[in-house]
Amino acid sequence: MTVQWLTVLGSTGSIGTNTLDVVARHPQRFRVFALTASRQVDVLARQCRQFRPRYAVIGPAHEQALREALHALGVQETEVLSGPQALCDVATAPEVDAVMAAIVGAAGLAPCAAAARAGKKLLLANKEALVVGGDWFMRAVHQGGGRLLPIDSEHSAVFQSLPEDAQTWPDRVEKLILTASGGPFRTWAPEHLSAVTPQQACAHPNWVMGRKISVDSATMMNKALEVIEAHYLFGFAPECIEVVIHPQSVIHSMVQYRDRSVVAQLGTPDMRVPIAYGLSWPDRMASGAEPLDFRTLGALTFEAPERARFPGLFLAWQALGEAPGATAVLNAANEVAVEAFLEGRLRFDRIHAVNEATLSRLRPPKLDGLEDLMALDAEARAQAAQQVRRWQQ
Ligand code: NAD
Ligand code: MG
């Protein structure tokens with residue numbers, strides 16, 4: 001078996017640590033080339049002791065602290081780098097076969113796009129990168145000639161349920177059905193959402209995840225981002241992508257064919273399953289997840305998402321109906337609003353107000369490449385910050 005060299009961008013987060021958990025189960029298949037984090041020095045140092053990467057990348061303010069931590073742990077072979085260029089360098093180095101993109105937010109776009117252009121096998125958890133980069137990002141993947149494999153559980157499920165030949169999808173497939181858990185407030189009366197605290201929003205019933213995606217799951221903006229992600233990944237028209245709430249999170253998504261046959265992918269809610277699939281594709285390997293026990297599973301239920309409770313979800317189709325770049329505006333607004341909510345500066349139910357106002361106020365200009373996208377992202381963030389200040393009063 002040939003060994004694959006792996007770079008994990010965002011290795012200290014929820015997806016990053018799950019990735020390393022899977023990798024540790026297959027030492028004969030994978031070697032770690034680089035690990036990266038924004039500021040979690042101790043976690044990154046311990047990961048370096050276990051996986052002995054050639055490089056560790058951390059935010060500039062923590063470079064020296066990481067060197068000292070590695071020295072204290074007796075790790076000599078790992079070189080410490082920092083800054084945005086270093087992220088791109090470790091994602092594109094010739095030794096690297098595959099890149100796990102597990103940074104949160106638009107901050108991950110540049111290294112993701114660099115890996116794509118370099119033709120790496122790109123394992124994409126960082127959905128915001130695709131929501132911001134859109135068609136431009138997909139062109140970078142095609143030009144690079146590498147393979148993009150979705151790690152988001154819904155998109156992994158769709159990928160596993162689609163016919164193998166992408167050319168025949170439009171003739172054979174009628175729609176994609178993305179499932180959503182509905183998050184912690186699925187049964188709450190909408191008028192109670194104004195008092196939600198960050199701690200309540202981050203307590204997801206089925207998945208343990210980073211704070212940003214946990215809040216997105218509670219507003220269902222996560223599903224809005226996933227509708228956009230599915231559109232760009234698989235090329236389906238927005239009206240051919242449907243969302244259904246499925247509180248048990250056992251069916252991870254489905255594909256409805258022309259003959260009305262529906263193919264679904266099922267499993268325990270454990271991100272190591274789609275991570276292992278992406279790492280081993282087209283093969284399969286152990287993930288460490290528990291098997292589904294159908295004898296004790298009980299009922300699988302489904303319901304339609306209500307607009308009054310989850311207005312954010314519907315912004316996905318609105319943004320996809322506007323000029324290219326609108327999805328980047330929506331993403332930037334949401335990143336700003338979620339951060340303000342987590343810092344106690346914005347009410348939970350006003351995340352949507354900020355997103356909606358930013359999306360309707362900002363008309364994206366004609367876009368040509370990464371610089372234009374990052375400029376639009378910055379402009380949308382400034383507009384959203386203004387909206388946050390307005391709602392603070
Ligand atoms: P997390 O917050 O737990 O981890 C984020 C990682 O990115 C950390 O290692 C952090 O150090 C790094 N990071 C954060 N900001 C950075 C920056 N500005 N520059 C460089 N590095 C930075 O997040 P997570 O839950 O692991 O999610 C990561 C991505 O995967 C997100 O895009 C999320 O939507 C997606 N995703 C997560 C899950 C899940 O179960 N957690 C499921 C599907 C998709
Ligand atoms: Mg998902």
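Any read-out appearing in this document is the output of simple, stated calculations on the displayed coordinates, not a laboratory observation. Bear in mind that the values here come from a model prediction, so they are computed numbers and not experimental data. For neighbour counting, all protein chains shown are included, and Cβ atoms are generated from backbone atoms with ideal geometry for every residue, glycine included.
Would you mind counting up the charge near residue 266? Only other residues with Cβ under 14 Å from its Cβ, with Lys and Arg at +1 and Asp and Glu at -1. Don't skip to the answer; put the middle values down first.
On the way: positive: none; negative: 154, 270, 290, 293.
Taking every Cβ under 14 Å from that of residue 266, the sum is -4.
If each of residue 187 and residue 258 carries a label point 7 Å out from its Cα toward its Cβ, how far apart are those two points in nm?
Placing both labels 7 Å along Cα→Cβ, they lie 4.3 nm apart.
Considering only 89, 135, 259, give the residue with the highest GNM mean-square fluctuation for the chain, with springs between Cα atoms whenever their separation is below 10 Å.
Answer for the Gaussian network model of the chain: 259.
Spin-label point model (7 Å from Cα, Cβ direction): what's the residue 28 to residue 343 distance in nm?
Reported label-point gap for residue 28 and residue 343 is 5.1 nm.
Quick check on the exposure proxy: order 390, 295 from fewest to most C-beta atoms within 10 angstrom. Kindly include the intermediate steps, with their values, before the conclusion.
Values: 390 12, 295 6.
If I rank by nearby Cβ atoms, fewest first, I get 295, 390.
Using only alpha carbon pairs under 8 Å that are at least six residues apart, calculate the relative contact order of the chain and give it in whole percent.
Values: 735 pairs, mean separation 55.9, N = 393.
In percent, rounded to a whole number, it is 14.
Counting alpha carbon pairs within less than 8 Å and at least 6 residues apart, what relative contact order, in whole percent, applies to region 110-256? Walk me through the numbers on the way to the answer.
Working: 197 pairs, mean separation 46.3, N = 147.
Answer for region 110-256 is 31 percent.
Could you name the aspartates and glutamates in cross-link range of residue 366, using Cα to Cα under 16 Å and dropping any fewer than eight places away on the same chain?
Counting by Cα, and skipping residues close in sequence, residue 366 has these aspartates and glutamates nearby: 135, 322, 377, 379.
Excluding residues fewer than 8 places away in the same chain, name every one of the lysines whose C-alpha is closer than 28 Å to that of residue 212.
120, 121, 127, 223
Any chance you could check the Cα centroid distance between region 243-306 and region 143-181 for me, in angstrom?
Their Cα centres are 14 Å away from one another.
Using the Cα gyration tensor of region 4-150, with a ≥ b ≥ c the square roots of its eigenvalues, what is the shape: rounded (a/c below 1.5), prolate (a/b larger than b/c) or oblate (neither)? Please report the intermediate quantities before stating the final value.
Working: a/c = 1.93, a/b = 1.54, b/c = 1.25.
The shape class here is prolate.
Take peptides 371-382, 93-104 and line them up by average Cβ neighbours within 10 Å, highest first, as a rough protection proxy.
Numbers: 371-382: 17.1, 93-104: 21.6.
Packing proxy ranking, top to bottom: 93-104, 371-382.
If the chain between residue 76 and residue 306 were fully stretched, how many nm would it gain, using 0.36 nm times the residue separation less the Cα-Cα distance?
Working: separation 230, 0.36 × 230 = 82.80 nm, distance 5.50 nm.
Using 0.36 nm per residue and subtracting the Cα-Cα distance, I get 77.3 nm.
Take every DSSP beta bridge with both residues inside the chain and express the antiparallel ones as a percent of the total, to the nearest 5.
Working: 10 of 38 bridges.
Approximately 25 percent, going by the DSSP bridge assignments.
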